[in-house]
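What follows is a single structure, written as structure tokens, with notes after it.
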Amino acid sequence: MLIHPFAHSLIHSLNSVQPQPPQQPAALGDQHEMSFIDHLEALRWHIIRAAISVVVFAIGAFFAKDFLFHDLILGPSRSDFWTYRMFCKFGAWVHAPDLCIDKIGFVIQNREMSGQLSMHISTSFIVGILLAFPYLFWEIWRFVKPGLYPHERQNSQGAVFFVSILFMLGLLFGYYIAAPLSINFLAGYVVDASIENQIDMQSYLSTLTTMSMSCAFVFELPMIVFFLAKAGIVSPEIMQMYRKHAIVVILIIAAVITPPDISAQIIVTIPILLLYELSIHIARVVRRGDAARLNAKLAREQAQAARQPPQ
């Protein structure tokens, strides 16, 4: 049977075309690669859930006005605050009565018509963010985690827990140690006895939150060093080599966080130095663990090579 040359070429072309299997999207870790729109959609829901948690805690703080302001916010402005009482006990124990803080030399005032209402709302949101911080970091971790490789996830186990614990410890240290010392020093500093310290409420609140939150983020140093050591950027030898430089930097940080009071700077410097030494130990443990895993992997590869028959 004769076939037209054009039909013959068409049949040959159709026969030469083989069906291609569908291409699988590139995988990162154990998750398929998402499009940019998918990432935005996932990020949007993480942000929405995080915002809802902040609003819930902020509403709770707003309705707990008496405890929030009288006991929590204005606590360091009164001489019966826990920190001042502990300093008085410590001063009596070491026979140093000058350490006792039994008088706060300033008056807090509000100078704007809507100042107290706006301060109530803004303070509630600040407290909401601080209380929701563990959940906020958990939402960030949930967004980042699918993009990590399995070994990166293994290295980051417990990150949410330790970051949250260090943040809360730093926040408590700033609230009970750094902030009261700063407030007491600044309130008691006078250039002339005829000038009375009448502190605006916003200024007082700014000092309290700055001291507390600064310490909260400084206390994240061990976790920062942990991730840098995992990435191979920081080693214990480097941290030990630059310990003297680090001490100078820590003293500068303590001077920025606290007012120019030597005792307050020393009290804030000591825990930061301890955190730095802890970070050196963490970097050493990380490197020791990485070396052990590499040695185990090399041993397995050598064992597999020994079992293979010679070519």
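The values are calculated or read from the model by the stated rules, or taken from the named source; none is laboratory data. None of these values were measured; they are calculated from a predicted model. As a convention, Cβ positions derive from the backbone with ideal geometry for all residues, glycine included, and neighbour counts pool all protein chains shown. What goes into the accessible areas is simple: the full protein's heavy atoms, side chains included, and nothing from ligands, DNA or RNA. Shrake-Rupley method; radii C 1.70, N 1.55, O 1.52, S 1.80 Å.
Considered as a group, the residues in the stretch 268-311 that are among the hydroxyl-bearing types (Ser, Thr, Tyr) and under 16 Å from Glu237 (Cα atoms) include one that is most open to solvent (accessible area, probe 1.4 Å), and that residue is Tyr276. Just one residue in the set Gln202, Gln240 is over 30 Å from Phe125 (Cβ atoms) and either in a helix (DSSP H, G or I) or over 24 Å from the mean Cα position of the chain (by Cα) (or both); that residue is Gln240. Among residues of the stretch 186-197 that are more than 21 Å from Ile257 (Cα to Cα), those with a Cβ under 8 angstrom from a residue that is open to solvent by less than 100 Å² (accessible area, probe 1.4 Å) and aliphatic (A, V, I, L, M), sequence gap 6+ or separate chain, pair up as Glu196/Val107; Asn197/Val107; Asn197/Ala187; Asn197/Val190. The number of residues in the stretch 144-175 being within 26 Å of Cys215 (Cα to Cα) and open to solvent by 80 Å² or more (accessible area, probe 1.4 Å) comes to 5.
Checked across the stretch 246-262, the condition of being among the polar types (S, T, N, Q) and over 19 Å from the mean Cα position of the chain (by Cα) holds for at least one residue. When the stretch 229-245 is filtered for residues that are open to solvent by 50 Å² or more (accessible area, probe 1.4 Å) and in contact (Cβ under 8 Å) with a residue 40 or more places away in the chain, the ones remaining, listed by number, are Lys230, Gln240.
For the stretch 148-186, filtered to residues that are among the polar types (S, T, N, Q), over 14 Å from Phe217 (Cβ atoms) and part of a helix (DSSP H, G or I), the residue that is nearest to the chain's Cα centre (by Cα) is Asn155.
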